[in-house]
Structure formats: structure tokens, C-alpha cells
Amino acid sequence: MVSIKSLATAARDGLNFDYSNDKVRGINLGGWFVLEPWITPSIFNQWANGGGVVDEYTYTQALGPAQASSRLNQHWSTFITQDDFNEIASMGLNHVRIPIGYWALNPQPGDPYVQGQLPYLDQAIGWARTPGSQNGFDNSGRTGPIKWISGGNAPATVQAIANLASRYARDSDVVTAIELLNEPASWGNDMGAVKKFYYDGWGTVRSNGQQAVVIHDAFLDITSYWNGFMTSGFSNVIIDTHLYQIFSPGEVAMRPCEHIRTACGQGPKLASADKRAIVGEWSGAQTDCAKWLNGLGKGARYDGTFPGSSYNGNCQTKYQGTVDGLLNTDKINLEYYIEAQMDAYERNSGWVFWTWKTESAPEWHFQNLTRAGLIPQPLTSRKHPGQCQASACMIPGY
């Protein structure tokens with residue numbers, strides 16, 4: 001993660017952000033260096049009706065290196081700019097989490113991916129100073145079978161981490177944390193091998209500097225499974241958990257007050273973790289309605305258009321549109337839900353919202369949600385305080 005230096009606090013434990021006493025209030029720059037069709041559908045529109053392109057791997061494979069490089073450089077240079085970083089800082093956010101693929105740092109033979117991301121990442125570090133698939137989802141760069149461990153990719157990933165840590169070793173004033181791997185799926189990987197990778201990755205980062213090392217929970221319980229892991233003898237370890245309530249039929253069937261109760265219930269669990277813990281991904285979404293959120297060409301569980309799902313409600317303005325265009329009831333529910341999550345997730349080290357901007361998914365667009373007044377400013381203020389302590393739901397009409 002990159003700390004916005006103008007908002008960073010005094011160092012602790014050799015770090016330039018005090019993760020023990022100050023709260024991470026951050027934003028993900030999703031869809032910048034790792035393409036996701038639902039964040040930038042315009043990039044994938046020519047394959048909307050088929051053609052086999054569903055992620056960055058198949059995108060670069062279909063276009064070939066020259067055309068892919070041309071199109072991606074245009075995207076990298078315009079999707080996130082210094083104006084974004086200036087606005088991020090002005091909203092009180094103190095971290096940005098920037099996903100980047102291994103192929104930018106340690107490309108592997110046979111991969112179709114193109115390079116050229118790092119100069120833009122270097123630029124982003126400067127802006128902050130002034131103010132094989134690991135899971136089978138498109139946010140890993142390639143959908144399909146999980147082959148990260150079985151394919152022997154862990155050593156290559158460690159080398160990618162070494163290249164990243166070495167490149168930014170002198171930028172620890174703003175590069176305050178490095179996450180070793182995003183969302184390794186516990187159901188498709190040998191967890192013993194994942195833990196060994198975490199040990200190796202920690203040592204690799206530590207040999208280059210004192211940045212915090214972030215490990216993902218692999219969708220396993222952060223207390224019952226992860227308490228006791230990498231505590232003694234391992235400095236500056238943070239566990240990252242991603243909390244969404246939309247990717248199963250039961251979750252999209254929940255009422256707004258149920259979403260809030262579930263979010264509030266995460267607070268005690270985060271507080272009982274035996275290491276620093278952040279919620280590295282979460283959003284305002286209470287549905288999976290956003291166009292292509294479940295994969296290019298796939299529908300939503302909420303409105304029953306996803307295979308095997310049943311109808312819960314109309315996606316209406318949540319499928320594709322703007323924050324201003326959301327129904328008023330959706331705006332109210334979202335506002336309460338976001339504040340409740342902020343309260344719960346600050347029971348430990350804080351949170352990083354997913355994501356800063358999208359082309360057309362309003363429930364996920366932090367920039368425009370904040371501009372519309374649905375995310376509090378300052379971030380510590382509350383229109384609806386005390387939701388997680390209240391005996392009854394505070395949303396009007398519920």
C-alpha cells in the first residue's frame with residue numbers, strides 16, 4: 001500500500017505509518033494495472049457478444065503485443081492521474097492500494113501479457129509523496145482453473161515481490177506496505193504451500209526494508225484459522241480480509257438492516273485478531289447488479305440472471321449508471337451501510353474501499369459517492385452514529 005505522505009503520521013516499528021495507533025482509511029485503484037471488465041467495460045465492449053476475451057490474459061492474447069501495448073498505455077496514462085491523487089488526499093484518505101500483476105515485474109515465458117506499467121507506478125509514488133491465477137477470478141488477470149501452486153508459480157511470484165521490494169526500497173516514506181498475494185483461494189490451493197509462500201515473501205520484503213508485509217486471509221477466518229500465524233519473530237505483519245455481502249444467493253436476499261447487522265458483527269472479530277488487521281476490500285454494494293461484476297457476459301444473482309439464481313429485485317439503475325441516478329431508497333440504504341462498515345472495520349487497523357472509480361458501477365464508485373454526499377466528509381464524521389451499538393436498525397422504514 002502507498003501512504004499519502006502529507007497525511008502520514010510519526011513512524012512506529014520502523015514504519016512511516018503507525019498501523020497500531022492510527023487508522024488506515026484508504027482506497028483501491030482497481031482496474032488500473034489489472035484489468036477487470038466490470039470496472040472498465042468500454043475496454044472489453046468489442047467482445048460483449050462473445051469472442052473468448054474475458055480478462056487481461058485473453059485481451060492481450062487476442063490483440064497481440066503491439067496493439068495490446070498501445071491500448072493499455074492509453075489506459076494506464078489516463079485512467080488514474082495526479083488529479084485523482086489530489087482529490088484522494090483532499091477527501092481525507094491516507095492510503096492507496098494499487099494492485100499490480102506479476103507480469104509487470106517478472107513476466108513468464110508463454111504469457112501474452114505486455115509490460116510498461118512500472119513507469120506509471122513510479123509516477124504514482126511521486127504523486128503520493130506530494131499529496132497463473134491465484135483465485136480463478138478476472139481480478140487475478142486470468143479466469144479459469146486455479147494453478148498458482150500446482151503450476152509451480154510460487155517461486156516466480158516471490159521473484160516478482162523481490163523485484164517490487166527492491167525497486168521501491170528507497171521509497172519507504174510512501175510505500176509503507178507490500179501485499180504478497182491478492183486473494184489466494186483456500187479451496188484451490190494447498191494452504192501449507194500458501195503459508196510457506198508467506199514466510200518466503202516476508203523474508204524477501206524484509207531483506208529490502210521494513211515495509212509492512214500484508215498477507216491475505218485466503219477466505220479463511222482471521223481469528224480461528226490465522227491467530228498464532230506469523231506472530232512471534234515476524235515484524236510488521238498485517239492480515240487483510242475482504243468483506244463483501246453479495247456473492248451468494250443468501251447474501252443478495254438480505255434486507256438492508258441484515259447487511260448492517262452482518263457488517264457490525266465483523267467488528268468484534270477484527271478486534272480479536274492477534275495481529276494488525278485491515279479490511280482491504282469492501283464497498284457500498286448490497287447487490288451484485290453491476291454490469292459484468294460476475295464476469296464478462298454474466299448476469300446477477302440479485303435479479304436472477306446469473307445461472308442458478310432466483311429473483312430478489314430489479315437491478316434498475318444499479319446495473320449501469322451514475323451515483324446521481326440511483327433510486328433515493330438505494331442512496332439511503334447505501335449511506336447507512338457505508339457508515340456502519342466504517343465503524344466496524346476501524347475496530348482494528350482500518351479499511352481500504354473498493355474502488356476509487358468505475359465507468360458505470362455506481363455502488364462501487366468512491367469518488368462519486370463522496371461527491372454526492374453519501375460517504376461522510378470528513379471520514380470520521382457520521383450522519384448516523386452508533387449503528388453498531390443500537391438495539392434496533394436505524395434505517396427509516398425498517
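Could you list all residues from segment 151-174 that are in a helix (DSSP H, G or I) and either under 17 Å from Leu15 (Cα atoms) or open to solvent by 40 Å² or more (accessible area, probe 1.4 Å) (or both)? Pro155, Gln159, Asn163, Ala165, Ser166, Arg167, Ala169, Arg170, Asp171 - these are the residues of segment 151-174 that are in a helix (DSSP H, G or I) and either under 17 Å from Leu15 (Cα atoms) or open to solvent by 40 Å² or more (accessible area, probe 1.4 Å) (or both).
Here the condition is being modelled with pLDDT of 95 or more, of a type in the set (A, V, I, L, M) and in contact with a strand residue (DSSP E or B) (Cβ under 6 Å, 6 or more places away or on another chain); of Ile260, Ile332, Ile278, it holds for Ile278 alone.
Does segment 316-325 contain any residue that is charged (D, E, K, R) and within 23 Å of Ile222 (Cα to Cα)? So that I can check it myself, show each step before the final result.
Just the residues of segment 316-325 that are charged (D, E, K, R), to begin with: 318, 324.
Next, from what is left, pick out any that are within 23 Å of Ile222 (Cα to Cα): none.
The answer is no, given that none of the residues of segment 316-325 is charged (D, E, K, R) and within 23 Å of Ile222 (Cα to Cα).
The conditions are (1) farther than 21 Å from Ala165 by Cβ; (2) open to solvent by 40 Å² or more (accessible area, probe 1.4 Å); (3) at pLDDT 95 or above, and Gln123 fails exactly one of them. Which is it? Answer for Gln123: the failing condition is (1). Those helices (runs of 4 or more DSSP H) of segment 1-86 in which 3 or more residues are at pLDDT 95 or above and within 29 Å of Ile215 (Cα to Cα) occupy 56-63, 65-79. Name the single residue, out of those in segment 190-225 being in contact with a strand residue (DSSP E or B) (Cβ under 6 Å, 6 or more places away or on another chain) and not in a strand (DSSP E or B), that is nearest to Asp288 (Cα to Cα). Per the criteria, the residue is Asp217. Determine, yes or no, whether Gly92 is modelled with pLDDT under 95 and open to solvent by 20 Å² or more (accessible area, probe 1.4 Å). It is false that Gly92 is modelled with pLDDT under 95 and open to solvent by 20 Å² or more (accessible area, probe 1.4 Å).
For segment 218-241, the set of residues classified as surrounded by fewer than 21 Cβ atoms within 10 Å (Cβ to Cβ) and either acidic (Asp, Glu) or farther than 12 Å from Lys275 by Cα (or both) consists of Phe219, Leu220, Asp221, Ser224, Tyr225, Gly233, listed by residue number.
The values are calculated or read from the model by the stated rules, or taken from the named source; none is laboratory data. Please read all numbers here as calculations on a predicted model, not as lab measurements. A quick note on method: Cβ atoms are made from the backbone with ideal geometry, for glycine too, and the neighbour counts reach across all protein chains shown. With ligands, DNA and RNA removed, areas are computed over all heavy atoms of the protein, side chains included. Shrake-Rupley method; radii C 1.70, N 1.55, O 1.52, S 1.80 Å.
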